[in-house]
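Visitor: One structure follows; several queries about it will come next.
The values are calculated or read from the model by the stated rules, or taken from the named source; none is laboratory data. This structure is a prediction, so every number in the text was calculated from the model and none was measured. Cβ placement follows ideal geometry from the backbone for every residue including glycine, while neighbour counts extend to all protein chains displayed. Just so you know, the surface numbers come from the protein's heavy atoms only, side chains and all, with ligands and any DNA or RNA stripped out. Shrake-Rupley method; radii C 1.70, N 1.55, O 1.52, S 1.80 Å.
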Amino acid sequence: HVILILIVQINLFVPRIKMKIPFTLALASIFAHSAHSFSFQTAQGGLVSLDERAQRDVYSMEDWASSCGVQKCEGFGLTSNDGVDFSAQTQANLPGGSPVVFVPQEMTLSSAKVIQEFGGSMAEAEQQLLTAGLDNVIPLFRVYVKILVEYEKGDASPWYPWLNSLPRLYNTGASMTYACFDCLPVYAAWLAMSERVQSVNFQKATKFLPFLSQQTVGDTSLMKWAYNVANTRSTEWNGERYIAPLADMFNHGTETEAEITFDQDGNCVVYATKDVPAGSPLRVSLGDPTNPSPLFATYGFLDESSPATFCKVMHLRGEMEQLGYDFSNLLFYKDTGDISMEVYDVVLYSILLKNDQNMAQQFYQSVVSGDEATKNQFHGQYFAYTKEALQKHVDSTLKDLDKFSAKARSYDPVTHPRVPVILQHNTFVKETFLRVKQNLDNM
């Protein structure tokens, strides 16, 4: 067997460590056992089953990771209530800044390694993505290709135990059908559709990869699964994409306890970002915590701890961009029904553009120049019109949400397994909009 030897250097943790206990003590904790080599010897079992009902073999993966050199701090563990969804937690107190998990670079999958492995044979496929204007996702595409290559190897792949531990059923936008999109509000549907389109573009590009079999290239279910794995389990770091087995088991949190990092050699180290008491979850940030819809489309879950949601004024996207805002600025707040000031700005700007170009230009200048006094004068003068426009938008959106959810409930969940998360998303948005409506009606 080919053996890759990992040499652990003491200075690995020095640049990032922010210890509240002596460094040598933390190092002794995480390296309670010496690092093992990453062996190409694997268990038997053929190809990974992609049946959506297939059992995830997570605990065998955890044992495999430890045998290949992955190191865990005392108290770290994986837990699940249903054998489908797993999460990381600690049963010991963790000081802020201390290392939690170490994954040697030999075990990581990265976009840089893929281009080293396949070189020029990737060029034609990547050119297809460049032609489609998708140059920004080429690192993701490379990791996606690596997953397909390792899947083809079956139990001969050194990553077989990791592949066999992954989810088979995903609720992401890439996995949704047009029937799903019809049950979502416009913004969420647009985000989910964008994921699906990107997945399809990846599938088309694989036809230009000479090292993949025709069976793989023709298997859309496999390619969709590989896209979901790459997209949901990889970390972007300095322009590259990395997947570190076991370190990909951390769930998202609005409040986080850990951070995933990579050093210049490609080793992965997960750190505690604050003091974490025993019995706590260990969560990382997978995206903007103030707006759950992008996480819903990309990762297929609803973050109900999110404090806000985009106000859904997709019809005012042009005005939003002209004022220098993006979706993360235009928020309705879940618990209070408050409206971000940027929403008022965009709605008023759209009203002025329709009725008085000169006033619209003056208001625009006050926003982009930061002239709060002038901007507030505009808001005071035209507030009645802004309020009316917002009330119409909120009422219309609430009606649409009822219609979308009714349609989702009409589907058979056996043939439409993503209905529950769609309804969960729509309920979150509806409850937020109802609080906003109550505030507006009382103004």
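Visitor: I need to check one value: relative contact order of the range 312-443, counting alpha carbon pairs closer than 8 Å and at least 6 residues apart, in percent.
Guide: Computed value for the range 312-443: 31 percent relative contact order.
Visitor: Determine one quarter of the surface area of the Cα convex hull of the range 263-333, which equals its mean projected area, and express it in nm² to one decimal.
Guide: 7.9
Visitor: Once you have the alpha carbon radius of gyration of the range 284-443, what is it after dividing by 2.2 N^0.38 Å, with N set to its residue count?
Guide: Relative to the rule-of-thumb radius for its length, the range 284-443 sits at 1.14.
Visitor: To the nearest 10 Å², what's H315's accessible area with a 1.4 Å probe?
Guide: In the full protein context, H315 sits at about 130 Å².
Visitor: Tell me, what does the Kirkwood hydrodynamic radius of the range 374-440 come to in angstroms if you use every pair of distinct C-alpha atoms?
Guide: That comes to 13.9 Å for the range 374-440.
Visitor: For Y382, Y271, write out the residues from largest to smallest accessible area, computed with a 1.4 angstrom probe and no ligands counted. Present the calculation step by step, with values, prior to reporting the outcome.
Guide: Values: Y382 45, Y271 10 Å².
Of Y382, Y271, the descending order of accessible area is Y382, Y271.
Visitor: What whole-number distance in Å separates the alpha-carbon centres of the range 128-159 and the range 370-443?
Guide: Cα centres, the range 128-159 to the range 370-443: 38 Å.
Visitor: Could you tell me how many cubic angstrom of Cα convex hull volume the range 160-249 has per residue?
Guide: So the per-residue hull volume is 131 Å³.
Visitor: Using unit Cβ charges (K, R positive; D, E negative) and no other charged atoms, how large, in debye to the nearest 20, is the dipole of the range 184-327 about its Cα centre?
Guide: So the magnitude is around 680 debye.
Visitor: Now for a separate question. Quick check: the distance between the Cα centres of the range 173-245 and the range 261-328, to the nearest angstrom?
Guide: 19
Visitor: At a Cα cut-off below 20 Å, give the lysines reachable from K407, other chains included and same-chain residues fewer than 8 away excluded.
Guide: Partners found: K312, K399, K430.
Visitor: Using a cut-off of 16 Å between alpha-carbon atoms, which aspartates and glutamates can reach K207, once sequence neighbours fewer than 8 places away in the same chain are excluded?
Guide: E124, E126, E152, D219
Visitor: Of E52, E236, which has the most accessible area with a 1.4 Å probe, and how do the rest follow in descending order?
Guide: On the way: E52 95, E236 125 Å².
Result, largest first: E236, E52.
Visitor: In the chain, if the dipole is taken from +1 on Lys/Arg beta carbons and -1 on Asp/Glu beta carbons about the Cα centre, which of V101, Y178, G279 is farthest to the positive end?
Guide: Y178
Visitor: Report the Stokes-Einstein translational diffusion coefficient (µm² s⁻¹, integer) for the range 36-161, Rh taken as the Kirkwood radius over Cα pairs, at 37 °C with viscosity 0.692 mPa s.
Guide: On the way: Rh = 17.2 Å.
This corresponds to a translational diffusion coefficient of 191 µm²/s.
Visitor: For the range 99-142, build the convex hull from the C-alpha positions and give me its volume per residue in Å³.
Guide: Enclosed volume per residue, from the Cα hull, is 74 Å³.
Visitor: Considering the options A156, A258, Q391, tell which one lies farthest towards the positive end of the dipole of the chain, charges being +1 on Lys and Arg and -1 on Asp and Glu at the Cβ, about the Cα centre.
Guide: Among A156, A258, Q391, the one farthest towards the positive end of the dipole of the chain is Q391.
Visitor: I want to verify the translational diffusion coefficient of the chain in µm²/s; compute it with Stokes-Einstein, Rh as the Kirkwood radius over Cα pairs, at 25 °C and 0.890 mPa s.
Guide: Details: Rh = 24.1 Å.
This corresponds to a translational diffusion coefficient of 102 µm²/s.
Visitor: Relative contact order (percent) for the range 94-188, with alpha-carbon contacts under 8 angstrom and 6 or more residues of separation? All intermediate terms of the calculation are to be shown ahead of the outcome.
Guide: Details: 24 pairs, mean separation 20.5, N = 95.
Normalised by residue count, the contact order of the range 94-188 is 22 percent.
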